[in-house]
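Engineer: The structure that follows is given in the form of structure tokens.
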Number of protein chains: 2
Amino acid sequence: MNGGGPIGRGADMKTTFLDAVKWNADGLVPVIAQEVKTGRVLTLAWMNREALRLTLDEGRAVYWSRSRKKLWRKGEESGHVQTVHEIRLDCDNDAILLQVTQRDGIACHTGRQSCFFQRLEDGAWVNADPVIDAGKTPA
Amino acid sequence: MNGGGPIGRGADMKTTFLDAVKWNADGLVPVIAQEVKTGRVLTLAWMNREALRLTLDEGRAVYWSRSRKKLWRKGEESGHVQTVHEIRLDCDNDAILLQVTQRDGIACHTGRQSCFFQRLEDGAWVNADPVIDAGKTPA
């Protein structure tokens, strides 16, 4: 946890760690963001090499937007920045887990804490979490 | 949480919830498994329609093995079964989050608690977690 502070500031930018990641056919890897204080899983997003390099360099989550086909600094429009405390890779080298502090406590573009707000109940998906702030829509 | 017990036993097997999921070009969706008691993220795996249906039906995590190209009842060889308490879908309908109880406390085929045991430190991935049981290798 590097003393609980964000990683990346002033980090020596070695890039060999990028070669260890098994990027998929589109050059992407799935990335889970987990709120470091509560353990709540907030988002599943995607990174390419540049996004992971920038995440380490800037100490904030930078993803690849598959819909917009460009780099996406989480919170660049909404202000809902994810400060990154830790980056982990799984045993197959094809999934990443971030420990983050979610600014404003809102990760989802719907204004909810987590994107995982639909719960399966009696064979149907139901909205299980409240909207905290519906005013800020872009993620 | 359905009283804290596993879901699925005796569930009415409606299948319309399967149609709501945005399966990728391979008919798969990424699935995060989180230990319900500790909040630890254990695994990122994949499901197809049948795997999700069986997970709900059987109350244990059933994945699609992309390497073996077949259904994979987590723990079928190792005994490291994941009992499923809750199933959530994200805002884009293209990622799933399971709350599970991990039998034996070991999710990873390397004998570790979580598959996310490699931590990025000073630009390199280092093994950050101990092997609990190296004897049981298949996941």
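Engineer: Under a Cβ-Cβ cut-off of 13 Å, what is the net charge of the residues other than A:VAL36 that fall near it, where Lys and Arg count +1 and Asp and Glu count -1?
Structural biologist: Taking every Cβ under 13 Å from that of A:VAL36, the sum is +3.
Engineer: Just how far, in whole angstrom, is region A:31-87 from region B:73-110 if you go by their alpha carbon centroids?
Structural biologist: Their Cα centres are 23 Å away from one another.
Engineer: May I ask for log10 I(q)/I(0) of chain A at q = 0.10, 0.13 Å⁻¹, from a Debye sum over the Cα atoms as equal point scatterers with solvent left out?
Structural biologist: -0.34, -0.56
Engineer: Per 5 Å bin, what percent of the C-alpha pairs of the protein assembly as shown does each bin hold, from zero upward?
Structural biologist: Going from the shortest bin to the longest, the percentages are 1, 6, 13, 17, 19, 18, 14, 8, 3, 1, 0, 0.
Engineer: Something else about it: To one decimal in nm, how far is B:ASP92 from the same spot in the other copies, if labels go 7 Å from Cα toward Cβ? Please give the shortest first.
Structural biologist: Label point to label point, same position, other copies: 1.9 nm.
Readers should treat all values here as calculations from the given coordinates under stated rules, not as data from a laboratory. What you see is a predicted model, and the numbers here were worked out from it, not measured in a lab. With ideal geometry, Cβ positions are generated from the backbone for all residues, glycine too; neighbour counts draw on all protein chains shown.
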